[in-house]
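The values are calculated or read from the model by the stated rules, or taken from the named source; none is laboratory data. As the structure is a prediction and not an experimental result, all values here were calculated from the model. A quick note on method: Cβ atoms are made from the backbone with ideal geometry, for glycine too, and the neighbour counts reach across all protein chains shown. All accessible areas refer to the heavy atoms of the entire protein, side chains included, with ligands and DNA or RNA removed. Shrake-Rupley method; radii C 1.70, N 1.55, O 1.52, S 1.80 Å.
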Amino acid sequence: MNMKISATQEAETHLLEAAKEFQKCMQCGKCRSVCPVFKEMGNELYVARGKNKLAEKLVSGELEITQRVEDAINECLNCKTCSANCPAGVSPEHVVLRLRWYITTKKGLHFFKALIFRQLLWRKWPITLGCAIVGIAQKLLFGIGPKNPVRHLFPLFGFSKRRNFPQLAIRSAQSQLPEINRSKAGQAKMRIGYFTGCAGNLIYTNTAKSVVDILTGFGYEVVIPKKQKCNGTPVLANGDYEGAKRLMEHNFELFRKYDLDAIVVSCSSCGMSLKKEIKVFIDDSPELSEFTGKVYDINEFIEQNIDIKPEHLGELDYKVTYHDPCHMVRGQGVRDQPRDLLKMIPGVDFTEMKNADTCCGSAGSYCITHYDTSIKINNHKIEDIQDAGVDMVATGCPTCVMHIADNLAQHESKEDVRFVVEILADSLRAAKTI
Amino acid sequence: MEKSVVDELVAIFGKEHVLTANEDMIAYSYDAAHAEIKPEAVVFATTTEQVSQLMKLAYRENIPVTPRGQGSGLSGGSIPLQQGIVLAMDRMTRVIEFDPSNRLITVEAGITTSDIDPIVAEANLFYPPDPGSVAFSTIGGNIAENAGGLRGLKYGVTKDYVQMMKVVLPQGDIVTLGSKCVKHVAGFNTEAIFVGSEGLLGIMTEVTLSLLPIPQHRESALAIFDSLDNAAQTVSDIIAAGVTPSTMEFMDNETINAIQNFKDCGLPRDAQAVLLIETDGEENSAKAEMAKIDEVVRSNNATEFSIAKTTEDRDKLFAGRRVALNALASVKPNLILEDATVMRSKLPEMVRGIIDIAERHQVKVGIFGHAGDGNLHPTFLLDMKDEDEKARTDEAVKELFQLAIDLDGTISGEHGIGLEKKPFLMNQIGGAGIKLLQDIKMTLDPKNLLNPGKMFDMPQQV
Ligand SMILES: Cc1cc2nc3c(=O)[nH]c(=O)nc-3n(C[C@H](O)[C@H](O)[C@H](O)COP(=O)(O)OP(=O)(O)OC[C@H]3O[C@@H](n4cnc5c(N)ncnc54)[C@H](O)[C@@H]3O)c2cc1C
């Protein structure tokens, strides 16, 4: 479909797609018992069946797009807890996304969002440079303590004053690591593309290095296409269908050029998007199926393909629990693999925390735009972490890491928050396997 | 709604507990039934006193008030038929007192039913009524609808566990009815009138519920039949053998096939009926009861009978039943879930009658439900946008109600009358029955302001 269709037609398409979902809703109210946002807000406008109802009224023309409609539609974490529990098989998050796209198509994209999604993320270098500058500032300030006056500047950028940020990378992972990383264990078993995600590239560079070290150490060649861009998750979540589509098409074409046997991802949302969401943006074709079929979450890939033996692993004295990122557990069905990897490591004392798979409230940019609610949701997570009596929380999603670490710091709680692959790499390094 | 009234509501409930925006009114215009009417304001109560002040205001200003729990009702009970104010009770969720020695718990009426068990389990107690909606309905809503559940045969329904309650009457008076004592005959058995009152007579704000010790052991089994009669005969024979299963769930061929299409749960597609049976109690007695069931099932030519040995086994046996509603929901865009109930001895006639009605009107129906207590859920599957199909289904539903009445049964076993079954109540209880309900309503709510127009009309409305 290369034909240009009019904006009105496109808006209509989004509504029709939303209708396919909300028409299945039986209005039973079960979503009330699982929705993290509803639990904090206590108003049915914000629960899945309420959003389905709003969508129905928009379609029937009984309701116009009002500020309150937009507010309601923006109160969604895309955590998929409602769809995982819905007796009628509705995916309310798809209704929400379609409505966000519908509203943007009708009303246009806010210039600030257009600047970020269509210029900065697309060009990429301004973001990389910006992160480096902030990263240097962070180093000079020796971190930003709770009383640091710099906090008064945060609201200028849309952030809460209370918020604690991770150290941003002065040198991005993509500039530290070569494009082609050869196998360190003989002939390469496979050629693997690595989609670092923005966070792996610009914040959690140790995660990116861990991924590369583990894979090359066990005999895989890892290719990190330097031209990869954002996968589009924050863009599509913020209503910009067109911007997300452009990014998805770019990455799809780019990775296909490298003749890869598999594509691994260390960020839960990127993984879900490259496996599934991409199908909403790019027309179905054998090439697309081949592409999506090759994408693996890193935990999933290691579990399935690498035969890690006890002698490969060094002892670590960690007491760990695991938090399920929504886009891994419900988005990709990855639940056991990261736990199995952790439990395999000698010395690791693993405790399953309560409600491990409930959303931590970060939800990408939701925790920027709706900080107070996202912290309220996260407070339950902190309680469960503290109850588990561990000194480390392992997970597989950068925004979960960021949000949980931020709120743990606000609670003066000492647990470290890390990616499972980092912990695994620690153990493999301790045994000099990699 | 007039600004002065809204201001007064804000003064009573606080700003964050009053909604008036159009979008919010849409959010509170419906429940799990099919009607839809927007209120003019929604208020969230947090104390009994607030509810009392609201009713005084409503009586002074002549504003209809409709109580609402979590809006999971299947008969439209919480829909504000005459607009006015929706009184949401779901922020009154405190546990007031847990009294293990008297096996009682006192809670605010807005508490979610499934929040009770984790609290009382610490003293090895449980609250038996377990509607399918335990996790998304309130105790107040359960009492207002006299909700039942899977364990009705052995453990009864909500009315069997309501001990005492605090109620705000329509004109604002606060009364406490019933007692914490096991025996209590001081005055009329007034608390019983509020059980099943569908929010027409008063607003429950606090309730004391009785609890039972958690059975030590549970046995679960699945029996498959190639004939409906054999399944029905099994149900009667089990009871005749002196066994009282805690659960005896039934599913028909249409439901079995919907389940298998939805997800392979290992049910044979040609089976005409399956029964899921559980016994519980002291370990030996639960096992002895199951052994008797085993005999009865075999003598009725079940094609298969399996007793679960482990929890995983049990989960496997129940997998089909758990997804039954989901599976039926996926067959067609919409469904109408009914709860017509007969005595268990009439079950085969009822099932055959329903299938016959569906065939005559060419509509699709899946039947599952609680065989032990005769409470079936004939679930009509349709596309409401198809007007012809909708009309045929409505006709079939009407006949279903008449069938239940003709078999000495009831048009509603647990979902209540509300709006959905209001036209059929007369056939069930007759003119004198309706008049008694009207008189009781008139005594308590002379202006007919509390949930008006539900269950029956008042004389001047007709
Ligand atoms: C999927 C599904 C499964 C279900 N399974 C069962 C089942 O197995 N058994 C069963 O019995 N029902 C079942 N139901 C029906 C429903 O859940 C029950 O009727 C439940 O008791 C309603 O509770 P609620 O809090 O949602 O009340 P609502 O639906 O909000 O209200 C129901 C009625 O109660 C009144 N009311 C609510 N709170 C109060 C109060 N505090 N004081 C006075 N009146 C009040 C309202 O005015 C209304 O008339 C099911 C529903 C669904 C959607």
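With 13 Å as the cut-off, how large is the P(r) tail for the range A:1-78, expressed as percent of Cα-Cα pairs?
On the way: 2106 of 3003 pairs.
Considering the range A:1-78, 70 percent of its Cα-Cα pairs are separated by more than 13 Å.
Please compute one quarter of the surface area of the Cα convex hull for the range B:144-247 and express it in square nanometres.
Details: hull surface 37.9 nm².
Spelled out: convex hull of the Cα atoms, projected over all directions, averaged, 9.5 nm².
Taking the Cα atoms only, what angle lies between the long axis of helix B:253-262 and the longest principal axis of chain B, rounded to 10 degrees?
80
Run through the range A:221-281 and list the trypsin sites (Lys or Arg not before Pro) located in a DSSP loop whose Cβ has at most 14 other Cβ atoms within 10 Å.
Those that pass, being in a loop and sparsely packed, are A:Lys226, A:Lys227, A:Lys257.
Give the residue from A:Ala409, A:Ile345, A:Ser362 lying farthest towards the positive end of the charge dipole for the range A:312-430; charges sit on Cβ (+1 for Lys and Arg, -1 for Asp and Glu) and the dipole is referred to the Cα centre.
A:Ser362
Just checking the output field for B:136-143: average partner chain Cβ neighbours within 10 Å of each residue's Cβ? Let's see the in-between values first.
Details: counts 7, 4, 0, 0, 0, 0, 0, 0.
So the per-residue partner count for this stretch is 1.
Please compute the Cα-Cα pair-distance distribution of the range A:170-243 with 5 Å bins starting at 0, giving whole percents from short to long.
3, 17, 23, 20, 15, 10, 6, 3, 1, 0
Do any GluC sites (Glu not before Pro) in the range B:200-304 lie in a DSSP loop with no more than 15 other beta carbon atoms within 10 Å, and if so, which?
Details: sites: B:Glu206, B:Glu219, B:Glu249, B:Glu254, B:Glu278, B:Glu282, B:Glu283, B:Glu289, B:Glu295, B:Glu304; in loops: B:Glu282.
Sites meeting the loop and neighbour criteria: B:Glu282.
Equivalent ellipsoid semi-axes for the range A:195-315, as square roots of 5 times the alpha carbon gyration tensor eigenvalues: give them largest first, rounded to whole Å. Kindly include the intermediate steps, with their values, before the conclusion.
Working: eigenvalues 145, 50, 30 Å².
Semi-axes, largest first: 27, 16, 12 Å.
I'd like to know which of A:His14, A:Asn43, A:Val96 lies farthest towards the positive end of the charge dipole of the range A:7-107, counting +1 on Cβ of Lys and Arg and -1 on Cβ of Asp and Glu.
A:Asn43
Starting from the 7 Å offset along Cα-to-Cβ, what nm value, one decimal, do you get for the label separation of B:Asp439 and A:Gln119?
Computed distance between label sites B:Asp439 and A:Gln119 equals 8.0 nm.
What does the charge count around B:Ala232 come to, taking other residues whose C-beta lies under 10 Å from its C-beta (Lys +1, Arg +1, Asp -1, Glu -1)? Show your work: numbers first, answer last.
On the way: positive: B:Arg344, B:Lys346, B:Arg352; negative: B:Asp229, B:Asp237, B:Glu349.
Result for the neighbourhood of B:Ala232: 0.
Provide the net charge surrounding B:Arg298, with neighbours chosen by a C-beta distance below 13 Å and charges set as Lys +1, Arg +1, Asp -1, Glu -1.
Charge balance near B:Arg298 sits at -3.
Ignore the peptide's own chain and count Cβ atoms of other chains within 10 Å of each Cβ in A:54-66; give me the average, rounded. Provide the component values of the computation, followed by the final result.
Values: counts 3, 0, 2, 4, 0, 0, 0, 0, 2, 3, 1, 0, 3.
What the average comes to for A:54-66 is 1.
Out of B:Leu19, B:Gly71, B:Thr47, whose Cα points farthest toward the positive end of the dipole of the range B:3-88 (charges: +1 Lys, Arg; -1 Asp, Glu; placed on Cβ)?
B:Thr47
Helix B:425-444 against the longest principal axis of chain B: what's the angle in degrees, Cα atoms only, rounded to the nearest 10?
30
What is the percent of Cα-Cα separations in the range B:332-415 that go past 15 Å?
Tail of P(r) above 15 Å: 50 percent of Cα pairs.
How would you rank A:410-422, A:321-333, highest first, on the average number of other Cβ atoms within 10 Å across their residues?
Highest to lowest by the protection proxy: A:321-333, A:410-422.
Compute the relative contact order of chain B as a whole-number percentage, counting only Cα pairs closer than 8 Å that sit 6 or more residues apart in sequence. Walk me through the numbers on the way to the answer.
Numbers: 969 pairs, mean separation 69.3, N = 462.
Result for chain B is 15 percent.
Report Rg(Cα)/(2.2 N^0.38 Å) for the range B:215-330, keeping two decimals. Walk me through the numbers on the way to the answer.
On the way: Rg = 13.7 Å, N = 116, 2.2 N^0.38 = 13.4 Å.
Output field value: 1.02.
What average count of beta carbons from other chains do you get within 10 Å of the Cβ of residues in B:16-29?
On the way: counts 2, 1, 0, 3, 0, 4, 7, 12, 6, 1, 11, 11, 5, 3.
Counting Cβ atoms of other protein chains within 10 Å of each residue's Cβ and averaging gives 5.
First select every other residue whose beta carbon is under 11 angstrom from the beta carbon of A:Lys124; then total the charges, Lys and Arg +1, Asp and Glu -1.
Values: positive: A:Arg123, A:Lys226, A:Lys227, A:Lys229; negative: none.
Result for the neighbourhood of A:Lys124: +4.
Quick check: the angle from helix A:7-22's long axis to the longest principal axis of chain A, C-alpha only, nearest 10 degrees?
The angle comes out near 80 degrees.
Kindly state, to the nearest 0.05, the FRET efficiency for A:Lys20 paired with B:Asp160, given R0 = 56 Å and r defined as their beta-carbon distance. Before the final figure, lay out the partial values.
On the way: r = 44 Å, r/R0 = 0.79.
After rounding to 0.05, the efficiency reads 0.80.
As a quick test, which of the pairs B:Lys332/B:Lys398; A:Lys343/A:Lys414; A:Lys354/B:Lys154; B:Lys346/B:Lys398; A:Lys57/A:Lys106 have an alpha carbon distance above 25 angstrom in this structure?
On the way: B:Lys332/B:Lys398 21 Å; A:Lys343/A:Lys414 22 Å; A:Lys354/B:Lys154 33 Å; B:Lys346/B:Lys398 19 Å; A:Lys57/A:Lys106 16 Å.
Among B:Lys332/B:Lys398; A:Lys343/A:Lys414; A:Lys354/B:Lys154; B:Lys346/B:Lys398; A:Lys57/A:Lys106, the Cα-Cα distance tops 25 Å for A:Lys354/B:Lys154.
Give me Rg over Rh for the range B:186-235, both radii from the alpha carbons and Rh done the Kirkwood way, two decimal places. If you can, show how the numbers build up before the last one.
Working: Rg = 20.4 Å, Rh = 16.2 Å.
That ratio equals 1.26.
Could you let me know the centre-to-centre spacing of the range A:78-115 and the range A:293-349, using Cα atoms, in angstrom?
If we compute the Cα centre of each part, the gap is 31 Å.
Which value, to two decimals, describes the C-alpha radius of gyration of chain B once divided by 2.2 N^0.38 Å?
Working: Rg = 22.7 Å, N = 462, 2.2 N^0.38 = 22.6 Å.
So the Cα radius of gyration is 1.00 times the expected 2.2 N^0.38 Å.
Direction-averaged shadow area of the convex hull around the Cα atoms of the protein assembly as shown, nm²?
Values: hull surface 162.6 nm².
Mean orientational projected area (the protein assembly as shown, Cα hull): 40.6 nm².
Once you have the Kirkwood Rh of chain A from its Cα pairs, apply Stokes-Einstein at 25 °C and 0.890 mPa s and quote D in µm²/s.
Details: Rh = 22.5 Å.
For these conditions, the coefficient is 109 µm²/s.
In chain B, what percent of the accessible surface is made up of carbon and sulfur (1.4 Å probe, ligands and nucleic acids excluded)? Each step should come with its number before you reach the end.
On the way: 9400 of 18470 Å².
Exposed carbon and sulfur together represent 51 percent of the surface.
Apply the Karplus curve 6.51 cos²θ - 1.76 cosθ + 1.60, θ = phi - 60°, to the phi angles in the range B:229-234 and return the couplings in whole Hz, x for Gly and Pro.
Per residue, the Karplus-derived 3J(HN,Hα) values read 4, 4, 5, 5, 4, 4 Hz.
Can you give the charge dipole size of the protein assembly as shown about its Cα centre, rounded to the nearest 20 debye, using +1 on the beta carbon of Lys and Arg and -1 on the beta carbon of Asp and Glu?
On the way: 98 positive and 117 negative charges, 687 e Å.
Dipole size: approximately 3300 debye.
Counting alpha carbon pairs within less than 8 Å and at least 6 residues apart, what relative contact order, in whole percent, applies to the range A:27-80? Could the numbers behind the result be given before it?
Details: 35 pairs, mean separation 16.5, N = 54.
Normalised by residue count, the contact order of the range A:27-80 is 30 percent.
Over the Cα atoms, compute the radius of gyration (one decimal) and Dmax (the largest Cα-Cα distance, rounded to a whole number) for the range A:105-215, in Å.
Here Rg and the maximum Cα pair distance are 17.9, 56 Å.
At 7 Å along the Cα-to-beta-carbon direction for both B:Glu49 and A:Lys147, put a label point, then send me their distance in nm to one decimal.
Computed distance between label sites B:Glu49 and A:Lys147 equals 4.2 nm.
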